[in-house]
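Report on the following structure.
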Amino acid sequence: MPTLATNKKARHDYEILTTYEAGLMLTGPEAKSLRNGGGKLTGAYVTFHKGDPMITGMHVRKYKYATVPDYDPTRSRKLLLHTKEIAKLYGKSQEKGLTIVPLSVYTKGRYIKVEIAVCRGKKLHDKREALKKRDSDRQVRRAIKGDY
């Protein structure tokens with residue numbers, strides 16, 4: 001599954017609780033632009049409009065050969081999920097301190113999918129602990145490997 005776009009800051013800024021796979025409703029030129037690497041997820045999040053989950057803040061560059069005159073690259077795009085998943089996500093979005101963030105956009109066969117996660121924001125000391133743990137794990141791996 002080739003990855004088309006990732007949200008690298010999401011794993012740094014948030015503690016990921018659960019993940020879901022969702023379809024993404026796109027126009028033809030948007031799909032072509034994403035397949036050519038024209039998507040960015042930084043600052044994107046999931047909102048609900050009239051009960052439908054929408055991804056807001058995702059930037060999809062205009063396709064070079066498209067003839068759409070008034071194209072909005074940051075428009076909200078509908079997410080395709082099962083009804084039970086939508087109900088669970090809506091409940092989680094109403095809880096205090098939780099947010100829903102897209103982690104990556106990838107292809108699965110001919111479809112473009114989005115991996116979304118229910119997250120809780122990390123505090124500064126949590127980020128520092130994660131960096132310390134990563135460094136200590138790296139040193140242990142080096143010692144075991146013999147590159148120390």
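Where a number appears in this text, it was derived from the coordinates with a stated rule and is not lab data. What you see is a predicted model; the values in this text were computed from it and never measured. A quick note on method: Cβ atoms are made from the backbone with ideal geometry, for glycine too, and the neighbour counts reach across all protein chains shown.
Laid out as a table, the results:
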| quantity | calculated |
| --- | --- |
| Residue satisfying all of: in segment 7-49; more than 20 Å from ARG120 (Cβ to Cβ) and polar (S, T, N, Q); surrounded by the fewest Cβ atoms within 10 Å (Cβ to Cβ) among these | ASN36 |
| Residue match in segment 18-36 (condition: farther than 19 Å from TYR111 by Cβ, part of a strand (DSSP E or B) and within 14 Å of the chain's Cα centre (by Cα)) | yes |
| Test: residue in segment 82-99 that is in contact with a Ser or Thr (Cβ under 9 Å, 6 or more places away or on another chain), β-branched (Val, Ile, Thr) and within 24 Å of ALA5 (Cα to Cα) | yes |
| So ARG134, is it among the basic types (Lys, Arg), surrounded by 11 or more Cβ atoms within 10 Å (Cβ to Cβ) and either in contact with an Asp or Glu (Cβ under 6 Å, 6 or more places away or on another chain) or part of a helix (DSSP H, G or I) (or both) | no |
| Subset of segment 72-106 (residues that are under 21 Å from THR42 (Cα atoms) and free of Cβ contacts under 8 Å to residues at least 24 places away in the same chain) | ASP72, PRO73, THR74, ARG75 |
| Residue in segment 61-81 that is out of contact with any His (no Cβ under 8 Å at 6 or more places or on another chain), among the small types (Gly, Ala, Ser) and part of a helix (DSSP H, G or I) present | no |
